[in-house]
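K.L.:
Let me begin by handing over the structure; questions about it come next.
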Amino acid sequence: MSQAYLEIRNLTKEFISEYQEEKVVAVKNFNLEISKGELVTLLGPSGCGKTTTLRMIGGFETPTRGDILLDNVRINDIPANKRDTCMVFQSYALFPHMNIYKNVAYGLELRKLSKQEIRERTEKILGLVGLTGLSNRPIAQLSGGQQQRVALARAMVNEPKVLLFDEPLSNLDAKLRIRMRIFIRKIQQELNITSVYVTHDQEEAMTLSDRIVVMNQGEIEQVGTPEEIYARPRTKFVADFIGKQTNFLTGEVVERDSGKIKVKVWDKVITFDRQNDFKKGDKVLLVARPEMIDLSSREGTFEGEVNLVTYLGSEVIYEVSAKNQLFTVQISNPLKQGIYHRSDKVFMNFDVRNIYLIKE
Amino acid sequence: MKNVKTLILLLLTVFLLFGSQSLVKAADVLHMYTALDTNEAKIYIEAFTKDTKIDVQWVKLPAGELLTRLKAEAKNPQVSVWFGGPSVEFIAGKKEGLLAPYKSPVGAPFLKGNLKDPQDYWTGFYFGAIGFGNNTNFFEKNKLAYPTTWQDLLKPEFKANISLAYPYTSGTSYTVLATLVQLMGEDKAFDYWKKLDSNIHHYNPSGSACVTQAGLGEIAIGIAFSHDILAKGTSQGYPIKGSFPSEGTGYEIGGLALVKGGPEPELGKKFIDWALSKRAQDLMKVWFRIPLNPQAEIAAGATKASDVKLINYDDEWAGNNNKRLIEKWRQIIGK
Amino acid sequence: MTKSKRFVAYLKRIPSDIKKLFREPLLLIAIILVNLFLFLFIVLPLFKIFQLSFEDNGQFSVKIFYDLMSKSYNVQPLIHSLTLGVAVSILGTLIGFIFAYAVTRVDLPLKRFFNVMATFPIIAPPFMMSLSAILLFGKQGFVSKMILQNMIQFKIYGFYGLLVVETLTYFPTAYLTLYGVLQAIDPALEDAAMDLGASKGKIFRSITLPLATPGIASAILLVFSQSLADFGNPMILAGNYTILATQAYFTIVGMYNLKGGAALAILLLIPSLIAFCLQKYWVSRKSYVTVTGKPSATRIKMDSPLTKYSIFGLCLLFTGVIFLFYGMVIFGSFVKLWGANHTLTMDNYKHAFTVGWEYIKDTLILSSIATPIAGILAMIIAFLVVRKNFPGKRLMELVSLLTFAVPGTVVGIGYILAFNQPPLILTGTAAIIILLFIFRDIAVGVQTGIAELQQIDPSIEEASTDLGADSSFTFRKITLPLITPAFYSGLAFTFVKCMTAISAVIFVVSGKWNLITIAILGSVENSDLSQAAAFSVVIIVFILLALWLIQFLVNRLGGGRRIKFEKAEAL
């Protein structure tokens, strides 16, 4: 593991709510090591503590306990304006009474650089974000996407050690969001700036990140690459939060033998070519993503009935009810396989190689 | 940058609080309060400055407020001279210990009797009598006789057509009250005023306001000092004719005194001497006042003591009973 | 957490809050200075009044109140003041509502004109209406004498006269409040009602009026306070209908009774404070509307011609009355001697600029010094209250608002009590007048500043910090430019208030420093109405010049936003 550039140790934040008269723990024992040049995303539902964590890194909230180290220096006591971090705010927070140039050059002017250098760096970054020639435009006249890019430029032009992103794309429409996240990732990689990114949109997280930190109610559920998070979720929360409509089955390990385990699910026994550290008698949760279930009209592990058919062209999503449970099944390339209809009887087959097991 | 800002802020504060005050207290300036009308006071004060080259900073205040101000400032008097206002006020002021005695050599020859305080705490410098200012248009249009007695004022024809000041804000009005009490006896005087009250349109804060009101025809009769009736009424071109109650009327001596502990007593004394000199007393006629200095000239048409029946007005008694009578008046009349 | 635990937690935070303060010494100095000024020039005078009234021979006593109240000549003014206040507030709110409704909900021409006329009285000296009433309806009045040939005697001195002039003077406050309230009601609500089948009348009764009710209550309370505190109008027009504010003045000035005057001041203060608290803490909490109301053309619906024309007619009528009153004063200023000599002349103006020049000069100088200081101080307080955390913050905000709730008479008395002895002897100086100006009017600037600051997205200031700026830089480069419109609004309002001040300053004017408003009262007392009219017009001209200048500065420095009195009047 490379030397950590940004290190967060046992970070905790407690709020004392004025009106409810109670203590709220927003972030609990957060530990993370980020390498230089890495883009790590804090992902989770609202209220999970991701924004609070980000703001503590930036210096806008004071940790109740714990340490933040940047390049081996503890920065807890350094005020926000002296930290070498820059944030892209959710509302962009552009200065309405200044034009693009003045907004972007603001931080540079504070660093007392020469006029020449300020101009060069500002023009360069504006070029990078595709806003060349618009320096004099006032903020009020910009579109959402343009404003977003100004916010990005303003933060990046100062070449901070860490870039912080607070849900910067949530105010944009869907198409623009996709374009912008590709754009952000490209620039981040090109400039190799260490970044911490906060979002509740898992698709965004998956496409942008080197690693993802999934958070829930102030605590870390799992840290890993997008593939790790997706294919090998460590908790039910992660499995459920990531991906579309995960199916869960409960089972019990009935046999563990020479590299295989047999799991009893309802009245069937399914064999998995692995054992991890499961023991006989363990209760396990099967994580079966919609694309890991196959349908057949003749034979399969469980029998069920088609409730709902959603035809999307390149794939079909079926809602199948079996054993009093609803399953979401995704079949690609339906034109090849044929399409089932509502009330059809089908058999479900499981892709045992990819289904993940979580100990309950 | 930070330090400069703080410094400026502090300097500004200091300047505001103390700077302006020091500006006020310059050298060779006489400070005074006057109860005289601004325009009248200007005449005398400007003449004084012209004659003596002493600069004067003065404020005009209604008589009652002037006394209050002196009282409030007693620990640190802001003025040296109290110029003008009826003598009753000065008697009250002497009682409150606000005055300093000065016997002017200029006035000694002619200031006899109650023209000045027996212990020289204040001196008179003019004289005037209480009378009625009547709007001639009203009387001619309604074919009425001008009031020549106090009892005349109670006539129903004058309902809501008389005005004067509150006795507690105006020396003029208090003199009326004190006069009535001395004339009729206390109980009868208050009975009289109760009846008079129903004829009164409204009371004013200042004593001479009723004269211009009569002049404008807002009311028919204003009760005020003769000089105000002439100065503010007739001589301004208003249709005003003066008359006096034949039972007898009260009068006032215009007072002048040194303020105890004032900032420039020597200049104050100079002013008093000047005010009693023929030069100053000659100026009295401009405002229709009767000068006390027998060598001074008198205005045409001004009243002399011999023209009117005067009661034996006891200034001292009026001054001593000021608070009591006013309180009783407020209780009984309720205003 | 129980209340005590919460308080303990609050106390525990204090040391860390203070520690944070020490890291920014400039901030700390600012807080200390502001608190010092607020204490000296707002709290201390009020305290002195209470101290004088409630003390008898060194002990706490309410004796003076018994003494006062046992006299009918004190009880009457109290009853009169309250009665008049209630009447004016109801009538004024009614008129204000009609205007506000007309401008926001009815399809009428001349809306901008009505808007201007309904707010004009705010910039005029408050007692101009009384002067005009005499010019119009006095025995020598234009209407009484020339038009009606003295057939009708108008009872302008007393209750009815005061009711009319105070209503005309203070209804703009109600108008502005109600305008804001009506604008802020979500148009979708009224659209929905219409969609469901409600008639215009039904929409008004079941939607608009109920939602506007807190605003109506607000307006009533605000106008009530203003009527209670009115000094200039009653001085001129009260006649025998004595009211508390002028009685307090006479008690001190005529009966040399400082203590009695102070006690009367407290009696005057209590209803005002109650009205203020009700308005701020109860009524505004019940507000149903959001602050960000957008004026929209779709709000105006079709009305029945009857409604339309009657409302239009009413607005024209009121506007006509306002025009008449102000026009009369302008006309009167050109008359040689009202009531006696009606030749037209410029003499009164000549007199104003020669003999009266001292008054004009002094008033302008003092107002011009006080206004920027008040403006800056107000912005600093607003910034501290909204953006910073320190012990006693809420208290600072409350104190700075206090003078808005306190009638000018009370403040004036407090000042002469507080500053006529060492260590701070200010009576007779320019300083006391300037201080009175500043701290009387600071409340509005603070409120406007707070409202404006609250509308600025805090992440903008965070962004500035994030990019490396310290508090002072952020304040100067980011916050200040963004609240500049509010700053200029505050300046404009303060200047107006300084130029038209009377009720507090009448206690502290001195030989060296005198004010036009006092000269006006003196002229009216001498029945020199033409002179008074001329002075009044001079005041208005200077105010208009100043407003134009401020608007010019605002336009020049970018933004080009029109100065608004909306938030200024309606707290």
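K.L.:
Under the rule of at least 5 residues apart or a separate chain, name every residue whose amide H is placed under 5 Å from the amide H of B:Ser246.
P.N.:
Amide H neighbours of B:Ser246, under 5 Å, 5+ apart: B:Thr149, B:Trp150.
K.L.:
Show me, for the stretch A:260-270, the HN-Hα J-couplings you get by feeding each phi into the Karplus relation (A = 6.51, B = -1.76, C = 1.60, θ = phi - 60°), rounded to Hz, glycine and proline as x.
P.N.:
So the J values, rounded to whole Hz, are 10, 10, 10, 10, 8, 10, 6, 9, 10, 10, 10.
K.L.:
Could you tell me the relative contact order of chain C? Use alpha-carbon pairs under 8 Å, at least six residues apart, and round to a whole percent.
P.N.:
21
K.L.:
Amide H neighbours of A:Met98 under 5 Å, at least 5 residues apart or on other chains, H built in the peptide plane: list them.
P.N.:
Close amide H contacts, sequence-distant or interchain: A:Ile139.
K.L.:
In whole Hz, with x marking every Gly and Pro, tabulate ³J(HN,Hα) for the stretch A:296-304 from phi via Karplus 6.51 cos²θ - 1.76 cosθ + 1.60, θ = phi - 60°.
P.N.:
With coefficients 6.51, -1.76 and 1.60, one gets 9, 8, 10, 8, x, 6, 10, 9, x Hz.
K.L.:
Expressed as a fraction of 2.2 N^0.38 Å, the rule-of-thumb size for a compact globular protein of N residues, what is the C-alpha radius of gyration of the protein assembly as shown?
P.N.:
Cα Rg divided by the expected 2.2 N^0.38 Å: 1.25.
K.L.:
Over the Cα atoms of the stretch A:6-241, how large are the radius of gyration and the largest Cα-Cα distance (Dmax), in Å?
P.N.:
Both quantities, over Cα of the stretch A:6-241: 18.0, 55 Å.
K.L.:
If I fit a long axis through the Cα atoms of helix B:63-72 and take the longest principal axis of the Cα atoms of chain B, what angle between them do I get, 0 to 90°, rounded to 10?
P.N.:
30
K.L.:
So what are the ³J(HN,Hα) numbers for the stretch B:39-55, from phi and the Karplus equation (6.51, -1.76, 1.60; θ = phi - 60°), rounded to whole Hz, Gly and Pro as x?
P.N.:
With coefficients 6.51, -1.76 and 1.60, one gets 5, 6, 4, 4, 4, 5, 5, 5, 5, 4, 5, 4, 6, 10, 6, 8, 6 Hz.
K.L.:
Which helices pass in chain C if a helix is a full DSSP H run, must span at least 27 angstrom along its long axis by Cα, and must have mean Kyte-Doolittle hydropathy not below -0.5?
P.N.:
Both cut-offs are met by C:72-105, C:159-184, C:209-229, C:258-277, C:305-333, C:357-387, C:430-454, C:480-499, C:529-556.
K.L.:
Could I ask something else about it? Please list the non-local residues whose amide H lies under 5 Å from the amide H of B:Ala165, H modeled 1.01 Å from N, same-chain partners needing a gap of 5 or more.
P.N.:
B:Ser173, B:Asn204
K.L.:
Would you mind calculating the relative contact order of chain A from Cα pairs under 8 angstrom and at least 6 residues apart, reporting the percent as a whole number?
P.N.:
The value is 15 percent.
K.L.:
Would you list A:Val352, C:Val411 from fewest to most Cβ contacts within 10 Å?
P.N.:
Going from sparsest to densest Cβ surroundings: A:Val352, C:Val411.
K.L.:
Also, quick follow-up: Helix B:322-333 sits at what angle to the longest principal axis of chain B, using alpha carbons and giving 0 to 90 degrees rounded to 10?
P.N.:
50
K.L.:
Now, a different point. Would you please report the Å³ per residue occupied by the convex hull of the alpha carbon atoms in the stretch C:62-335?
P.N.:
Hull volume over Cα atoms, normalised by residue count, gives 153 Å³.
K.L.:
Does chain B classify as rounded, prolate or oblate by the C-alpha gyration tensor (a ≥ b ≥ c root eigenvalues; a/c under 1.5 gives rounded; else a/b over b/c gives prolate, otherwise oblate)?
P.N.:
Here chain B falls in the prolate category.
K.L.:
Among the DSSP beta bridges whose two residues both lie in the protein assembly as shown, what percent are antiparallel, rounded to the nearest 5?
P.N.:
Here the share of antiparallel DSSP bridges comes out near 75 percent.
K.L.:
Quick one: compute the contact order of chain B, relative version, from alpha carbon pairs under 8 angstrom and 6+ residues apart, as a percent.
P.N.:
25
K.L.:
Same structure again: If we restrict to alpha carbons, what Rg and Dmax does the stretch A:247-359 come to, in Å?
P.N.:
Cα radius of gyration and Dmax of the stretch A:247-359 are 14.9, 44 Å respectively.
K.L.:
Two decimals, Cα atoms only, Kirkwood Rh: what is Rg/Rh over chain C?
P.N.:
Taking Rh as the inverse mean 1/r over Cα pairs, Rg/Rh reads 0.98.
K.L.:
Also, I was wondering about something else. Angle between the Cα long axis of helix B:171-184 and the longest principal axis of chain B, 0 to 90 degrees, nearest 10?
P.N.:
40
K.L.:
Over 21 Å, how big is the tail of the calculated P(r) for the stretch C:402-503, in percent of all Cα pairs?
P.N.:
When all Cα pairs of the stretch C:402-503 are counted, 50 percent exceed 21 Å.
K.L.:
Something else: For A:Glu203, A:Glu61, B:Glu89, what's the fewest-to-most ordering of other Cβ within 10 Å of each Cβ?
P.N.:
With the sparsest Cβ surroundings first, the list reads A:Glu203, A:Glu61, B:Glu89.
K.L.:
Please arrange C:Phe41, C:Phe154, C:Phe60 by counting, for each residue, the other beta carbons lying within 10 Å of its beta carbon, fewest first.
P.N.:
Listing C:Phe41, C:Phe154, C:Phe60 from fewest to most nearby Cβ atoms yields C:Phe60, C:Phe154, C:Phe41.
Only the coordinates and a few stated rules stand behind these numbers; no lab work does. Computed from a prediction, not measured in an experiment: that's the story for all the values here. Virtual Cβ from ideal backbone geometry, glycine too; neighbours counted across all protein chains shown.
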